[in-house]
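Please treat every number below as a calculation from the coordinates, not as lab data. Predicted model, so just to flag it, every value in this text is computed and none were measured. Don't worry about glycine lacking a Cβ; one is built from the backbone with ideal geometry, like all the others, and counts go over all protein chains shown.
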Amino acid sequence: MLIRRETPADISAIRDVTNLAFRNGPEAPLIDWLREDSGWIPELSLVADGVLGHVVCTRGYVGEVPVLGLGPISVHPDHQRAGVGKALMHSVLGAAEARGERAVILLGDPRYYSRFGFRLADEFGITPPVPEWAPHFQARLFAGVPAGPFRYAEPFNRL
């Protein structure tokens, strides 16, 4: 499976796969907003095999320390449970670590994301923007990160 950086030619297909994966939820517009934000990191917007899936990490912060916020990650419904999401996760985490990023933070199912080294963020003293997210708010640290509140790139505030 080929995982590569998105190109401008992929934007429409990314929108389509995200809308299919999230049943036309707010995730596809969020990706468009993120592309226009200062927190956008082009090297961390990845697609799988002809845009069967997409993952993105954008600049977030724990306190004032720069980290990454992962998401959304989407896989075409016809290709879910076929290793696309797993390949995207391994690729984006490898790219993040290679860039020298300190941590990746996400909101998701701990049973799924623990296989990629994520642990509940509160184990590290990292708190979510919404307290009710705590049971699903996770972090993967590559380097030391102080305890404190996490904030996503600004477009997440529009949701």
Taking the Cα centre as origin and putting +1 on Lys and Arg beta-carbons and -1 on Asp and Glu beta-carbons, what dipole magnitude results for the chain, to the nearest 20 debye? 320 debye
Which whole-number percentage describes the relative contact order of the chain, with Cα contacts under 8 Å and a sequence gap of 6 or more? 24 percent
What is the sum of charges, Lys and Arg at +1 and Asp and Glu at -1, for the other residues whose Cβ falls under 14 Å from the Cβ of Phe22? -1
Anyone know which of Ile41, Ile31, Ile105 comes out most mobile in the 10 Å Cα GNM of the chain? Ile41
Could you tally the net charge around Met1, taking each other residue with its Cβ under 12 Å from the Cβ of Met1, Lys/Arg +1 and Asp/Glu -1? +1
Compute the angle between helix 11-21 and the longest alpha-carbon principal axis of the chain, please, reported from 0 to 90 degrees and rounded to the nearest 10. 70 degrees
Taking the stretch 96-129, which trypsin sites (Lys or Arg not before Pro) meet the DSSP loop condition and have no more than 15 other C-beta atoms within 10 Å? Arg99
For the chain, alpha-carbon Rg over 2.2 N^0.38 Å: 0.96
In sequence order, calculated HN-Hα J values of the stretch 5-10 (Karplus, 6.51, -1.76, 1.60; Hz; x Gly/Pro): 5, 5, 10, x, 5, 8
Rounded tilt (10° steps) of 84-98 against the dominant C-alpha axis of the chain: 50 degrees
Could you pull out the trypsin sites (Lys or Arg not before Pro) across the stretch 1-61 that fall in loop regions by DSSP (anything but H, G, I, E, B) with no more than 13 other Cβ atoms inside 10 Å? Arg23
Given the options Pro149, Pro131, Pro72, which has the most mean-square fluctuation in a GNM of the chain, springs set between C-alpha atoms less than 10 angstrom apart? Pro131
Helix-derived [θ] at 222 nm for the chain: sum -39500 (n - 2.57) over DSSP H runs of at least 4, divide by residue count, nearest 500? -7000 deg cm²/dmol
Cβ-Cβ cut-off under 12 Å around Ala96, Lys and Arg +1, Asp and Glu -1: the net charge is +1
